[in-house]
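Student: A single structure is presented below for examination.
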Amino acid sequence: MTRVRLRCMPVFQTLFAFSIAIASHVCAAQSKLAPRFGDLVRVQAPVADFAPSPAQENVIGISLRLERSFAARRDKVFGLWTDPHAVAKWFLPPEQAHWAEPPRFEARPGGRFSLRLVSREEFYDLHGTFREVHSPEKLVLNWQWDKDSPLAGSPGNTEVTVEFFAQSGKTRVVLTQFGFQNDESRGQYERGWSRCFREMDNLLAAVPAESITRWKEFIRVSSPVVALEHATVIDGTGAPAKQEQTIVIAGGRIAALGPSGSVDIPASAERVNLAGYTALPGLVGMHDHLFYVSNFFHIDELLAHDMPFSFPRLYLANGVTTIRTTGTFEPYTDLEIKKAVDDGTLIGPKIHVTGPYITGEGYPLIQLYKITGPEDARRMVEYWAREGATSFKLYTDVTRAEAKAAIDEAHRWGLTITGHLGSIGFREAAELGIDDLEHGLWVDTEFASDKQPDVDPPDYDASAVDMDINGEAIQSMIKTLVDHHVAVTSTMVALEQLALGRPGPSQQVLDALSESARKMYEMDQKMMAEDSLREKERFERDTRMLQKEMEFERAFVRAGGLLLGGTDAVIKAAIAGFGDLRELELLVEAGFTTEQAIQISSLNGAQFLKEASRIGSLEVGKQADIMIVKGDPAKNIEDIENVELVFKDGVGYDSKKLIASVKGQVGIH
Ligand SMILES: [Zn+2]
């Protein structure tokens, strides 16, 4: 049984709560144990049907209680549970199952609900009644499985109570469910409901009307219907730029897109003439921290602090409409920033929060917890998954056993895990099941001559600098990553900080820095110039590594790998938003076309986040997350820096005003 269950775990991870029981059934039916399926049903039958053994005596007492806070008003959150169209969106993970017929969800006392779906070619029918409906405070649902249903098992005919508490514009939801027969089943439901909650959170993410009034000085376009006319469009799919296009935005979404003249413009539309401008999808920054590093001269005393006011604004101002935070020193601050952006009390991009770095003793960062072993790594993932992290990141000092424990736990929650690795090589990590690798070849230690298992080699970075990208060793590493569907996040901006002879930051970037951050940057530049004479070899190596990294990333994409755009712009004059634009320039320098670079930094990230049906490209039906730049980046990539207007869910923010509002603030808050 254990083997069967373990083999089926990937099904559990992504299916919604109720199909977890389905998955057990599917596994059992497909396995050699199928003839014994009767036993399985009996074991999972309602409690009253079998004589309690001592261990099962208090099974009736096993219940589940989940609490989540949503950055939306109570009637909106309640509406997600009563509108069958909304239920259809959050109940089912599209990649795992589809509806056999539209769900019926009659939220009135005594009303029926019916959810009929197909998962892995098996048909499932689940239904029940609403016992209580108090709009918008409370729902009580009775789940009554069909007698014939394979789901007449754990947790049996069950009752789910959902209560909605209004809290100054936000909503706290408390869900309780009774009747679990063991902790394992309870845990499966907890993870399933958590997936539903994350999906609801994504569905609710839209700028609340109140915040448009609150932030009107930064908002240039807020009409419900907008027509962006005569624009050049780079749509994010990799397709060549198209001239003379018109985009119609309605209700926060792209309602129409096509050659100007062929698109009907509603009479009510606010018309914006974009002749001479290019419209691109809002960027999806996949290594976009919310912290800035201070005190970076002394590695032993390095500190990083969240920039809740300047960084979210700078991301949005530079066209980044979605970020993954990819590691944090202040996880609760990251989570609170996300909520504040969602409820409109801060201006910023849509945020996917990564848990705190998972690492052991090694790199001496005082703000990081050091794990003590595999179980501790697992526990840390579980804790932060409950708190709202939607991805995880392994750091430079973890053993393979610790990494495996963290990876498996993240996957159990249906979440992804990436790594900035040191003690583990890329091939090892791919085989352990990691989903993504940060920074690229630059930090892969597996080619270091002094690499010991589970240990970050002393001279850790750029060990592949003089290797041939087309050689057997690197090609086989790339093949391993592609075969295991491991993405790579490009952060050439961070690597560029170490290289010599690279262009400096623009005046606009320097102006965003606080006085002390700017002084630190200038001091660092001076020191770097001196060091580069003394430690010529090291600096030349990092400079060569940037070129090697470019070659690697092209080879990885050529081999079919999913390359994501990130920045890691958290230090000196590499900062939020501006770094993302610089990254695009570096991708083009690496040999990608502008259209490919945009795709890497938008649609690829959306795909990795499983958000591609909503964001990542300019396509009809998607959320209107659009950056508008002056000029044509397909002809001249540097035009990408001329961001003028950034739409998030159809609301257009004035880029220059946002940047001006945080002048001199980076490094302070
Ligand atoms: Zn980073």
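Student: Tell me, which strands (runs of 3 or more DSSP E) lie completely within the stretch 64-135 with 2 or more residues that are aromatic (Phe, Trp, Tyr), surrounded by 15 or more Cβ atoms within 10 Å (Cβ to Cβ) and at pLDDT 90 or above? Talk me through it step by step, then tell me what you get.
Tutor: Numbers: elements: 97-99, 112-119, 122-134.
Qualifying strands (runs of 3 or more DSSP E): none found.
Student: If you check 493, 465, which single one turns out to be within 26 Å of the chain's Cα centre (by Cα) and over 26 Å from residue 375 (Cβ atoms)? Spell out the reasoning first.
Tutor: Working: 465 fails: within 26 Å of the chain's Cα centre (by Cα).
Unique residue meeting the criteria: 493.
Student: Still on this structure, I have one more. Given the structure, is residue 598 hydrophobic (A, V, I, L, M, F, W, C), more than 16 Å from the ligand (Cβ to nearest atom) and in a loop (DSSP other than H, G, I, E, B)? Steps first, please.
Tutor: Numbers: hydrophobic (A, V, I, L, M, F, W, C): yes; more than 16 Å from the ligand (Cβ to nearest atom): yes; in a loop (DSSP other than H, G, I, E, B): no.
No: the conditions fail for residue 598.
Student: Follow-up question, since we're still on this one. Looking only at residues in the stretch 558-577 that are more than 16 Å from the ligand (Cβ to nearest atom) and surrounded by 23 or more Cβ atoms within 10 Å (Cβ to Cβ), which one is farthest from residue 444 (Cα to Cα)? Give the derivation first.
Tutor: If we filter the stretch 558-577 for residues that are more than 16 Å from the ligand (Cβ to nearest atom), which is where we start, we get 558-563, 573.
Then keep just the ones that are surrounded by 23 or more Cβ atoms within 10 Å (Cβ to Cβ); that gives 563, 573.
Details: 563: 16, 573: 25 Å.
Per the criteria, the residue is 573.
Student: Hey, among 227, 205, 209, which residue is under 24 Å from residue 319 (Cα atoms), at pLDDT 90 or above and not acidic (Asp, Glu)?
Tutor: Values: 205 fails: at pLDDT 90 or above; 209 fails: at pLDDT 90 or above.
Answer to the check: 227.
Student: Considering only the stretch 201-225, state which residues are touching a Lys or Arg at 6+ places or on another chain (Cβ under 8 Å) and of a type in the set (A, V, I, L, M, F, W, C).
Tutor: 203, 204, 205, 207, 218
Table: residues versus (1) touching a residue at least 12 places away in the same chain (Cβ under 8 Å); (2) under 28 Å from the mean Cα position of the chain (by Cα); (3) over 25 Å from residue 607 (Cβ atoms).
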residue: 477; (1), (2), (3): yes, yes, no
residue: 498; (1), (2), (3): yes, yes, yes
residue: 531; (1), (2), (3): no, no, yes
residue: 560; (1), (2), (3): yes, yes, no
residue: 566; (1), (2), (3): yes, yes, no
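Student: Also, quick follow-up: Residue 437: among the aliphatic types (A, V, I, L, M), more than 16 Å from the ligand (Cβ to nearest atom) and buried (at least 23 other Cβ atoms within 10 Å of the Cβ), yes or no? Give the derivation first.
Tutor: Values: among the aliphatic types (A, V, I, L, M): yes; more than 16 Å from the ligand (Cβ to nearest atom): no; buried (at least 23 other Cβ atoms within 10 Å of the Cβ): yes.
Judged against the criteria, residue 437 is not a match.
Student: Could you pull out the residue among 265, 247, 323 that is over 19 Å from residue 620 (Cα atoms) and either in contact with a strand residue (DSSP E or B) (Cβ under 9 Å, 6 or more places away or on another chain) or not assigned by TED's automatic domain parsing to the domain that holds residue 644 (or both)? Quick ask: steps written out before the conclusion?
Tutor: Details: 265 fails: over 19 Å from residue 620 (Cα atoms); 247 fails: over 19 Å from residue 620 (Cα atoms).
Result: 323 is the single residue among 265, 247, 323 that is over 19 Å from residue 620 (Cα atoms) and either in contact with a strand residue (DSSP E or B) (Cβ under 9 Å, 6 or more places away or on another chain) or not assigned by TED's automatic domain parsing to the domain that holds residue 644 (or both).
Student: Output the residues belonging to the stretch 382-434 that are more than 16 Å from the ligand (Cβ to nearest atom) and either in a loop (DSSP other than H, G, I, E, B) or not assigned by TED's automatic domain parsing to the domain that holds residue 464 (or both).
Tutor: Of everything in the stretch 382-434, those that are more than 16 Å from the ligand (Cβ to nearest atom) and either in a loop (DSSP other than H, G, I, E, B) or not assigned by TED's automatic domain parsing to the domain that holds residue 464 (or both) turn out to be 388, 390, 399, 413, 414, 415, 423, 424, 425, 433.
Student: Next up: Go over the candidates 615, 668 one by one and state the one that is in a loop (DSSP other than H, G, I, E, B) and more than 26 Å from residue 250 (Cβ to Cβ). Walk me through it before giving the result.
Tutor: On the way: 615 fails: more than 26 Å from residue 250 (Cβ to Cβ).
Result: 668 is the single residue among 615, 668 that is in a loop (DSSP other than H, G, I, E, B) and more than 26 Å from residue 250 (Cβ to Cβ).
Student: Also, quick follow-up: Please tell me if residue 422 is touching a residue at least 60 places away in the same chain (Cβ under 8 Å) and in contact with a helix residue (DSSP H, G or I) (Cβ under 6 Å, 6 or more places away or on another chain).
Tutor: Details: touching a residue at least 60 places away in the same chain (Cβ under 8 Å): yes; in contact with a helix residue (DSSP H, G or I) (Cβ under 6 Å, 6 or more places away or on another chain): no.
When the stated conditions are applied, residue 422 does not pass them.
Student: Sticking with this structure for a sec: Anything in the stretch 440-462 that is outside any loop (DSSP other than H, G, I, E, B) and touching a Lys or Arg at 6+ places or on another chain (Cβ under 7 Å)? List them, or say none.
Tutor: At the first step, the residues of the stretch 440-462 found to be outside any loop (DSSP other than H, G, I, E, B) are 440-443.
Scanning the stretch 440-462 gives a single hit, 441.
Student: Consider residue 585 against the criteria (1) within 16 Å of the ligand (Cβ to nearest atom); (2) of a type in the set (Asp, Glu); (3) more than 27 Å from residue 203 (Cβ to Cβ): it satisfies all of them except one. Which criterion is unmet?
Tutor: Here residue 585 meets the rest and fails (1).
Student: Would you pick out the residues in the stretch 263-294 that are of a type in the set (Ser, Thr, Tyr) and either surrounded by fewer than 23 Cβ atoms within 10 Å (Cβ to Cβ) or within 16 Å of the ligand (Cβ to nearest atom) (or both)? Break it down into steps so the answer makes sense when it comes.
Tutor: Step one: list which residues in the stretch 263-294 are of a type in the set (Ser, Thr, Tyr), which gives 268, 277-278, 292, 294.
Result: 268, 277, 292, 294.
Student: If you don't mind, there's one more thing I want to ask. Give the residue that is surrounded by the most Cβ atoms within 10 Å (Cβ to Cβ), with candidates limited to residues of the stretch 300-335 that are at pLDDT below 95 and part of a helix (DSSP H, G or I).
Tutor: 301
Student: Which one is nearest to the ligand (Cβ to nearest atom), of the residues in the stretch 463-506 that are within 16 Å of residue 567 (Cα to Cα) and in a helix (DSSP H, G or I)?
Tutor: Checking each candidate, the answer is 494.
Student: Looking at residue 568, is it under 29 Å from residue 523 (Cβ atoms), assigned by TED's automatic domain parsing to the domain that holds residue 323, of a type in the set (D, E, K, R) and in a helix (DSSP H, G or I)?
Tutor: Details: under 29 Å from residue 523 (Cβ atoms): yes; assigned by TED's automatic domain parsing to the domain that holds residue 323: yes; of a type in the set (D, E, K, R): yes; in a helix (DSSP H, G or I): no.
So residue 568 does not fit the description; no.
Student: Just the residues that are surrounded by fewer than 20 Cβ atoms within 10 Å (Cβ to Cβ) and not in a helix (DSSP H, G or I), please, taken from the stretch 176-205.
Tutor: Passing the criteria: 176, 178, 182.
The values are calculated or read from the model by the stated rules, or taken from the named source; none is laboratory data. Since we're looking at a predicted model, the values are computed, not measured. Every residue, glycine among them, receives a Cβ derived from its backbone with ideal geometry; neighbour counts consider all protein chains shown.
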